[in-house]
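This report refers to the structure that appears directly beneath it.
The values are calculated or read from the model by the stated rules, or taken from the named source; none is laboratory data. All figures in this text were calculated on a predicted structure; none of them were measured in a lab. So basically every Cβ, Gly included, is an ideal-geometry build from the backbone, and we count neighbours across all protein chains shown.
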Amino acid sequence: MPTWASVLIIVIGVWAYFEIRAMLSNLNESLMKITDLIEATKQRDEDPNEMSFDEKLDRLKIEVRAYLRADNPEEWERKNQWHWSDWEVEGWSVA
């Protein structure tokens with residue numbers, strides 16, 4: 001025959017199980033909302049005419065090679081109107 005203490009422990013365990021389950025469900029819903037919000041922000045901020053990161057990287061490689069091959073790098077920069085600030089990607093400067 002179970003004692004009152006063991007019945008109380010079982011009741012508290014079942015109650016804790018359902019409380020933890022409810023908290024995890026709420027956490028999951030909150031994380032899904034945050035994920036949806038991040039995706040919506042990304043889609044809103046994306047410009048279809050903007051180059052992808054890989055395209056920018058490839059173009060930067062070409063530009064740097066041309067810069068390094070130039071006899072006078074400062075003259076090359078002025079002639080091509082080239083600045084490191086043109087190569088910022090998502091708020092981070094490549095320079």
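Here are the numbers:
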read-out: Those residues of the range 46-76 which are at pLDDT below 80, in a helix (DSSP H, G or I) and acidic (Asp, Glu), in sequence order; value: GLU74
read-out: Residue among LEU68, LEU60 that is touching a helix residue (DSSP H, G or I) at 6+ places or on another chain (Cβ under 9 Å) and either surrounded by 10 or more Cβ atoms within 10 Å (Cβ to Cβ) or free of Cβ contacts under 8 Å to residues at least 12 places away in the same chain (or both); value: LEU60
